[in-house]
Amino acid sequence: MHTQDRATRRIGGARLALALLLGATSLPAAAAPWLPVGDRVLRNDVEILAAHGLIDHLVMSWPIPKGQFEQLRDNPALEQQLAEKPEYVRRAAQRVLAYLDAGEVTRVASLRVTNAPAVVRDFGTSARNEVDARLGVDYESGNFAASVRVGGMTDVDGTDDADFLPDDSYISYKGWLGLRYYAGWVEQWYGPGAISSLMWSNNARPLPKIGFMRDNPKAFDTPLLHWLGPFQINGFLGYYDENRIDDNVMLGSLRFTINPLPGFEMSIMRSSQFCGDRNGQEVNGRTCNPFTAAFEVWNKDGDANETNDQANPVEMKYTHQFKNVAVSPYIQTMNEDTPPFVHSYSSHLFGLAFTGPWGLAGGSWNLTAEFTDSIATYAMFGFNRRIHGLAYSNTGYLDGFRYRGRSQGFSLDSDSQLGSLALMLVDSKGWNYRLVYHYVSISTEQLQAQENRPENTAFRNVVSRIPRQWNELNAGLSMPLGKLSLEMLVRVRDENPPADIGDQFEAELGMSYRF
């Protein structure tokens with residue numbers, strides 16, 4: 001991707017020494033101000049570096065700004081530190097540094113083809129419809145960055161009425177207070193899960209927004225707040241530009257993440273829908289001010305507020321290194337429009353991940369067990385009382401937290417459960433071999449009964465109107481081949497007869513070319 005002269009000028013002595021130590025390897029990269037959502041290997045590499053103390057342990061909020069890697073990129077002692085690490089850590093550092101130093105301009109063409117889009121969507125990129133094609137260019141120079149994407153996809157499910165597909169297009173500038181500001185269609189993944197996120201994921205397409213994040217999430221210098229450790233603030237204001245029951249709805253979100261102890265990361269987050277009209281008529285009492293909406297924080301059945309809110313009062317991940325194996329338990333909760341712990345209408349995600357070396361040439365393995373449950377509980381950890389149909393739904397905002405027919409969080413939508421066991425192997429060249437088992441349970445009889453009531457306008461599951469259960473086995477291979485990246489996926493499930501939301505056997509091919 002670079003000549004040796006350019007590498008010498010741009011990456012400095014420590015990174016050049018690392019490149020010489022590990023040998024030249026062609027890896028895909030992008031001229032971008034952050035590491036984006038969608039690359040499983042890149043995320044695994046970042047988590048390896050965090051587990052070994054080479055970067056701050058802020059790995060639950062994606063995209064991750066490049067400023068977070070300053071301690072890696074501008075570290076004169078990096079060669080010595082890496083010499084003391086296992087080979088798979090050095091390979092992870094090499095891939096991350098190669099991605100960070102892509103140059104000022106990169107061009108990309110991508111195509112994904114499948115006979116049926118995946119029902120279960122994880123952190124990795126997969127086709128949202130049968131054919132998904134993109135062309136684009138990325139530019140980064142100094143504090144400014146921009147990306148332009150144009151493309152299209154077939155409409156196989158009738159849920160997406162967009163003709164203009166600018167996903168992943170944006171402009172960004174690092175400016176006042178060391179914040180990186182952006183405007184555009186930026187994908188986000190907020191949460192520790194590798195398979196699912198309750199709050200914000202790449203399940204739905206990104207909606208247009210303006211936002212900010214700290215470019216370098218270093219700790220406060222003042223003794224009073226230094227104990228918080230490295231911290232990140234993410235905020236955005238978005239607009240639902242689609243045909244909805246409630247039109248002209250705005251979305252505001254604020255997320256705060258800290259790394260107070262080595263290996264320990266925790267976040268709190270709140271998102272609010274506000275404004276909006278129905279059939280061209282103003283809805284009485286609805287808040288249409290972002291500052292007012294930000295403080296509509298208390299809500300209960302007898303005293304409802306004027307916004308539709310989601311919050312995660314509990315989101316934590318802890319990573320501890322046992323010799324060469326990193327162990328990471330994690331949890332994420334999501335409350336629907338209610339107080340934090342009692343009367344909370346909470347959904348839950350639990351996970352446990354293990355990462356270690358594979359062979360002697362620099363490969364790594366990751367084994368992740370994860371369970372996600374969007375059948376809301378009355379109290380945060382009161383699993384004996386369930387409230388059906390509330391996740392992502394709201395009687396004041398009838399479309400709920402969904403965009404273009406998909407939940408903006410959990411891919412199975414409301415009243416669903418997903419148990420997953422995923423094994424990923426990454427070899428020294430960055431090739432990714434993946435085997436995943438899912439137990440899928442979509443919707444419930446209780447939610448189906450609500451959906452069938454004529455007076456119901458809010459509570460539903462957009463994936464399936466009737467309950468579905470199946471076992472699913474996924475296998476995948478991704479191959480970085482210099483400027484070209486290839487990915488092949490197959491999915492097999494045992495539901496019989498097959499549902500109208502997929503096939504018993506599904507295959508997908510993805511190609512991306514950067515130059």
Fill in the blank from the handout: Checked against (1) surrounded by 14 or more Cβ atoms within 10 Å (Cβ to Cβ); (2) assigned to a strand (DSSP E or B); (3) not basic (Lys, Arg), ASN471 satisfies every condition except (1)
Exercise for the section: Could you pull out every one of the helices (runs of 4 or more DSSP H) wholly within region 1-96 that has 2 or more residues that are surrounded by 20 or more Cβ atoms within 10 Å (Cβ to Cβ), at pLDDT 80 or above and not charged (D, E, K, R)? Expected result: 40-51, 78-83
Exercise for the section: Would you mind telling me which numbered condition in (1) crowded, with 21+ Cβ neighbours inside 10 Å; (2) in the same structural domain as GLY184 (by TED's automatic domain parsing); (3) at pLDDT 90 or above ALA146 fails? Expected result: (1)
Practice task
Go through region 499-515 and give me each residue that's outside any strand (DSSP E or B), in contact with a strand residue (DSSP E or B) (Cβ under 9 Å, 6 or more places away or on another chain) and more than 21 Å from GLY409 (Cβ to Cβ).
Solution key: ALA499, ASP503, GLN504, PHE515
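For (1) assigned to a strand (DSSP E or B); (2) closer than 30 Å to ALA92 by Cβ; (3) hydroxyl-bearing (Ser, Thr, Tyr), each residue gets a yes or a no:
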| position | (1), (2), (3) |
| --- | --- |
| SER411 | no, yes, yes |
| TYR437 | yes, yes, yes |
| ASN461 | no, no, no |
| ARG465 | no, no, no |
| ALA475 | yes, yes, no |
| MET479 | yes, yes, no |
| VAL490 | yes, yes, no |
Handout entry: Filter result for GLU495 (among the acidic types (Asp, Glu) and either in a strand (DSSP E or B) or touching a Cys at 6+ places or on another chain (Cβ under 7 Å) (or both))
Key = no
Completion exercise
Per the filter on region 208-258, residues of a type outside the set (D, E, K, R) and under 13 Å from GLN273 (Cα atoms) are PHE236, LEU237, GLY238, TYR239, TYR240, ASN248, VAL249, MET250, LEU251, GLY252, SER253, LEU254
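Quick grid of which residues meet (1) crowded, with 19+ Cβ neighbours inside 10 Å; (2) in contact with an Asp or Glu (Cβ under 7 Å, 6 or more places away or on another chain); (3) assigned by TED's automatic domain parsing to the domain that holds ARG205:
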{"position": "LEU367", "(1), (2), (3)": "no, no, yes"}
{"position": "ASP373", "(1), (2), (3)": "yes, no, yes"}
{"position": "ALA379", "(1), (2), (3)": "no, no, yes"}
{"position": "GLY389", "(1), (2), (3)": "yes, yes, yes"}
{"position": "SER407", "(1), (2), (3)": "yes, yes, yes"}
{"position": "MET424", "(1), (2), (3)": "yes, no, yes"}
{"position": "SER428", "(1), (2), (3)": "yes, no, yes"}
{"position": "TYR439", "(1), (2), (3)": "no, no, yes"}
{"position": "ILE466", "(1), (2), (3)": "no, no, yes"}
Handout entry: Residue match in region 155-165 (condition: at pLDDT 90 or above and surrounded by fewer than 20 Cβ atoms within 10 Å (Cβ to Cβ))
Key = no
Handout entry: Qualifying position, being closer than 17 Å to LEU423 by Cβ and either assigned to a strand (DSSP E or B) or β-branched (Val, Ile, Thr) (or both), among VAL327, VAL342
Key = VAL327
Practice task
Just need a number here: residues in region 225-251 that are over 20 Å from the mean Cα position of the chain (by Cα) and farther than 22 Å from LEU179 by Cα.
Solution key: 10
Exercise for the section: Tell me, please, whether a residue that is among the small types (Gly, Ala, Ser), surrounded by fewer than 17 Cβ atoms within 10 Å (Cβ to Cβ) and modelled with pLDDT under 95 can be found in region 484-496. Expected result: no
Exercise for the section: Please tell me if LYS174 is of a type in the set (Lys, Arg), over 28 Å from SER420 (Cα atoms) and in the same structural domain as LEU477 (by TED's automatic domain parsing). Expected result: yes
Practice task
State yes or no: is ARG434 in contact (Cβ under 8 Å) with a residue 24 or more places away in the chain and either at positive phi or outside the structural domain of TYR240 (by TED's automatic domain parsing) (or both)?
Solution key: no
Practice task
Filter region 330-388 down to residues that are under 24 Å from the mean Cα position of the chain (by Cα) and among the charged types (D, E, K, R) and give me whichever is farthest from SER407 (Cα to Cα).
Solution key: GLU370
Handout entry: Residue check, ALA109 in the same structural domain as ALA369 (by TED's automatic domain parsing) and surrounded by fewer than 22 Cβ atoms within 10 Å (Cβ to Cβ)
Key = yes
Practice task
Kindly indicate whether ARG90 is touching a helix residue (DSSP H, G or I) at 6+ places or on another chain (Cβ under 8 Å) and either farther than 27 Å from ILE171 by Cβ or without any contact (Cβ under 8 Å) to a residue 12 or more places away in the chain (or both).
Solution key: yes
Problem - In region 286-324, the residues that are assigned to a strand (DSSP E or B), modelled with pLDDT of 75 or more and not acidic (Asp, Glu) - result: ASN308, GLN310, ALA311, ASN312, MET316, LYS317, TYR318, HIS320, GLN321, PHE322
Fill in the blank from the handout: Of (1) surrounded by fewer than 20 Cβ atoms within 10 Å (Cβ to Cβ); (2) at pLDDT below 95; (3) not charged (D, E, K, R), ALA183 fails just (2)
Practice task
Could you grab me the full set of residues in region 375-405 that are farther than 22 Å from GLY351 by Cβ and basic (Lys, Arg)?
Solution key: ARG385, ARG402, ARG404
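The values are calculated or read from the model by the stated rules, or taken from the named source; none is laboratory data. None of these values were measured; they are calculated from a predicted model. When we count neighbours, we look across all protein chains shown, and the Cβ atoms used for this are built from the backbone with ideal geometry, even at glycine.
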